[in-house]
């Protein structure tokens with residue numbers, strides 16, 4: 001999906017605005033605690049059933065064929081183990097209720113143990129929702145709160161200091177309080193629960209509010225199609241300043257200055273008084289009413305430019321740096337649906353939400369940005385957010401998907417620093433009689449151990465791990481094997497040893513043959529077995545550990 005607002009909806013709004021106002025707004029109307037047009041979901045079972053683990057587990061990355069050819073074909077070597085051992089934690093289905101059956105995920109905000117998700121409706125209906133998701137347990141995310149908006153689309157969301165701020169559009173003709181069609185909603189949230197008794201609505205001109213962000217003690221919101229960038233006082237949502245633009249799509253704040261994306265001309269940098277300090281002219285086709293975002297990345301700014309991919313510009317000089325193309329075009333996808341809708345930066349990772357083209361991962365290096373590949377996800381990816389060890393990808397009618405980066409902790413990195421970094425085949429085998437030890441963070445296709453292998457770091461294995469007779473496999477850190485819809489096993493054969501300190505997740509079975517040994521070390525080791533523990537009579541399991549699903 002590459003549009004948040006249908007043509008019919010735009011014209012409907014245009015007509016209503018004609019009757020409501022004839023000039024630019026000079027104030028924002030605030031309404032305190034109106035709970036009309038809000039429905040709070042009270043059925044916890046319905047919220048629980050929104051979470052699906054059907055495809056949870058190891059994610060592959062379909063690598064850029066050009067860079068893959070350079071690395072593999074030119075050398076004649078087997079495919080190497082890949083970087084970025086990602087796992088899909090879960091998928092969250094979009095909300096559905098009477099007269100609200102076509103909601104799509106539009107935006108995600110991450111803070112601490114919670115993710116906050118906004119939804120809208122494609123077409124002329126104004127229906128939206130907000131979800132709160134508890135991600136404190138990476139093995140069991142939960143939807144803890146949901147509010148339906150029966151007369152408002154929500155296109156963007158932000159969180160700050162106990163409040164959610166959502167921006168979208170409202171049908172002012174059906175509202176007794178709305179004075180314009182662009183709305184910013186402030187809702188209290190505590191312990192993962194939305195409180196609709198503590199809510200403030202603000203309305204500003206423009207056909208639809210497109211984005212919202214937090215700037216110190218203020219809130220910034222943009223509205224498109226003859227709209228404004230508006231600064232509100234975060235405490236009472238009173239207007240502090242506003243400036244008009246032709247067609248705003250997104251806003252970003254880097255701690256010093258504001259950047260807005262205007263589809264009519266490009267990027268404008270503003271001071272905190274909303275004076276334009278400089279601009280970057282961009283002639284890309286940003287589409288009609290399509291979601292497009294921008295994000296700061298160190299000294300650069302990254303812009304979602306539709307079919308061109310992502311454009312990177314120097315934020316200080318405005319000079320063009322490079323384009324990041326959309327890496328793959330899936331078969332049978334409409335070319336017009338393969339567009340970059342959103343971008344997100346998390347340390348050295350740059351993510352691109354490419355609609356039907358999926359979610360691509362790029363790596364920022366000292367000199368440039370290298371395309372890694374497209375993450376193995378389902379659905380059209382309309383928006384992406386990433387913070388800490390998580391990626392949230394909004395997938396339209398598929399809801400959104402929670403991805404774990406599985407980055408090693410700093411303490412784990414320190415404990416592994418004396419080991420050589422792994423740089424070997426994706427289908428790796430340790431021969432009998434050999435002792436090998438490595439650190440790192442890699443994606444394997446399979447592991448076979450006949451000698452002794454120590455891995456320290458974060459690892460995923462797409463297929464099985466087999467520890468053959470008298471082999472020893474030791475793992476310090478995190479390892480994940482298989483996925484729910486493609487179950488794979490760890491097999492420990494006769495006389496072999498599996499030694500774990502950290503976390504092991506198996507989307508399949510742990511099979512222990514006669515004489516096999518599993519040793520859990522440390523005080524906080526966890527074993528997450530989605531299948532079964534198949535244990536022969538003389539196999540042994542020792543140590544203290546958290547048997548997450550009680551399979552031992």
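Does residue 338 count as more than 14 Å from the chain's Cα centre (by Cα) and either free of Cβ contacts under 8 Å to residues at least 24 places away in the same chain or surrounded by 19 or more Cβ atoms within 10 Å (Cβ to Cβ) (or both)? Taking the combined requirement at face value, the residue satisfies it.
Evaluate the range 424-436: report whether one residue or more is closer than 25 Å to residue 524 by Cα, in contact (Cβ under 8 Å) with a residue 12 or more places away in the chain and in contact with a strand residue (DSSP E or B) (Cβ under 9 Å, 6 or more places away or on another chain). No, the range 424-436 contains no residue that is closer than 25 Å to residue 524 by Cα, in contact (Cβ under 8 Å) with a residue 12 or more places away in the chain and in contact with a strand residue (DSSP E or B) (Cβ under 9 Å, 6 or more places away or on another chain).
Selection within the range 295-340: residues that are out of contact with any strand residue (DSSP E or B) (no Cβ under 7 Å at 6 or more places or on another chain) and not in a loop (DSSP other than H, G, I, E, B). The member of this set that is farthest from residue 372 (Cα to Cα) is 336. Condition first: surrounded by fewer than 16 Cβ atoms within 10 Å (Cβ to Cβ), closer than 30 Å to residue 376 by Cα and touching a residue at least 24 places away in the same chain (Cβ under 8 Å). Can you find one or more residues in the range 507-522 that meet it? Within the range 507-522 (the criterion being surrounded by fewer than 16 Cβ atoms within 10 Å (Cβ to Cβ), closer than 30 Å to residue 376 by Cα and touching a residue at least 24 places away in the same chain (Cβ under 8 Å)), the answer is no, since none of the residues qualifies.
Checked across the range 162-169, the condition of being over 21 Å from residue 237 (Cβ atoms) and crowded, with 18+ Cβ neighbours inside 10 Å holds for no residue. Here residue 206 meets the list (1) in a strand (DSSP E or B); (2) more than 25 Å from the chain's Cα centre (by Cα); (3) touching a residue at least 40 places away in the same chain (Cβ under 8 Å) almost entirely, failing just condition (1).
For the range 139-195, the set of residues classified as under 24 Å from residue 401 (Cβ atoms) and in a loop (DSSP other than H, G, I, E, B) consists of 139, 140, 141, 192, listed by residue number. On inspection, residue 269 does not qualify as surrounded by fewer than 16 Cβ atoms within 10 Å (Cβ to Cβ), over 23 Å from the mean Cα position of the chain (by Cα) and at pLDDT 95 or above. Answer yes or no: is there a residue in the range 411-418 that is in a strand (DSSP E or B) and in contact with a strand residue (DSSP E or B) (Cβ under 6 Å, 6 or more places away or on another chain). No; the residues of the range 411-418 include none that is in a strand (DSSP E or B) and in contact with a strand residue (DSSP E or B) (Cβ under 6 Å, 6 or more places away or on another chain). Restricted to the range 171-188, and to residues there that are farther than 14 Å from residue 228 by Cα and at pLDDT 90 or above, the residue that is surrounded by the most Cβ atoms within 10 Å (Cβ to Cβ) is 185. All told, residue 482 falls short of being part of a loop (DSSP other than H, G, I, E, B) and surrounded by 18 or more Cβ atoms within 10 Å (Cβ to Cβ). Residue 220 meets each of the listed conditions (1) crowded, with 16+ Cβ neighbours inside 10 Å; (2) in contact (Cβ under 8 Å) with a residue 40 or more places away in the chain apart from (2).
Across the range 380-410, the qualifying residues are those that are over 22 Å from residue 139 (Cα atoms) and in a loop (DSSP other than H, G, I, E, B), and the one among them that is nearest to the chain's Cα centre (by Cα) is 382. Residues that are more than 15 Å from the chain's Cα centre (by Cα) and in a strand (DSSP E or B) within the range 105-138 comprise 120, 121, 128, 129, 130, listed in sequence order. Does any residue of the range 12-24 turn out to be at pLDDT below 95, in contact with a strand residue (DSSP E or B) (Cβ under 6 Å, 6 or more places away or on another chain) and surrounded by 14 or more Cβ atoms within 10 Å (Cβ to Cβ)? Within the range 12-24, none of the residues are at pLDDT below 95, in contact with a strand residue (DSSP E or B) (Cβ under 6 Å, 6 or more places away or on another chain) and surrounded by 14 or more Cβ atoms within 10 Å (Cβ to Cβ).
The values are calculated or read from the model by the stated rules, or taken from the named source; none is laboratory data. The shown structure was predicted, so the numbers you read here are calculated from the model rather than taken from an experiment. Cβ atoms come from the backbone with ideal geometry, glycine included; neighbour counts cover every protein chain shown.
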